[in-house]
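Below is one structure, written out as structure tokens; the observations come after it.
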Amino acid sequence: MYKLRGLHLFCLLGYRGMGYSEEYVENMTGLHQTLKDNPRTLILLVKGPDQLCEKFPNSGKYHCQDDTIYERDATILTKMGLEIGQILSWEDIVSHIQKYVVPTDIQIVCETCSWRTYGVCEEGVQEILKGRGLRKV
């Protein structure tokens with residue numbers, strides 16, 4: 001079972017093998033591939049830093065505990081009809097995305113995210129809405 005915060009549910013949709021460090025990319029790629037290959041993998045929704053935050057590099061500002069990130073987590077979970085403490089399979093999370101999320105939500109919810117400008121998260125939402133699942137990294 002993986003522990004993930006709300007924000008990373010959206011980040012996984014847009015993930016294309018880029019990240020903050022080699023260790024972070026390796027960790028994110030492993031999780032992404034597991035969810036792509038095994039959509040029944042269980043996810044525990046947590047408040048605050050999760051298993052992806054654990055590999056955030058020590059250099060630079062550690063944003064995983066910023067108030068704005070906590071707010072984004074809450075906004076995403078509320079939008080998807082989910083709550084901290086729930087345990088769901090990735091395929092159940094995908095069902096929530098298909099029911100409650102549209103690509104333009106990324107522009108609003110993730111307005112201050114530096115990765116948003118690449119457009120890959122909106123593409124990821126579109127892929128999920130079309131039933132294609134996570135993209136190959």
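None of the figures in this text is laboratory data; all of them are computed from the coordinates on show. Note that the coordinates shown come from a computational prediction; the quantities given were computed from them, not determined experimentally. All Cβ positions, glycine included, derive from the backbone under ideal geometry; neighbour counts span all protein chains shown.
Observations on the structure shown:
- Summed over segment 91-109, residues that are under 21 Å from THR29 (Cα atoms), out of contact with any Gly (no Cβ under 9 Å at 6 or more places or on another chain) and surrounded by 19 or more Cβ atoms within 10 Å (Cβ to Cβ) total 2.
- Among the residues making up segment 118-135, those that are more than 19 Å from VAL25 (Cα to Cα) and not basic (Lys, Arg) are GLU122, GLU123, VAL125, GLN126, GLU127, ILE128, LEU129, GLY131, GLY133.
- When segment 26-53 is filtered for residues that are without any contact (Cβ under 8 Å) to a residue 40 or more places away in the chain and either crowded, with 17+ Cβ neighbours inside 10 Å or at positive phi (or both), the ones remaining, listed by number, are ASN27, MET28, LEU31.
- Residues (surrounded by 18 or more Cβ atoms within 10 Å (Cβ to Cβ) and part of a helix (DSSP H, G or I)) located in segment 10-25: PHE10, CYS11, LEU12, LEU13, GLY14
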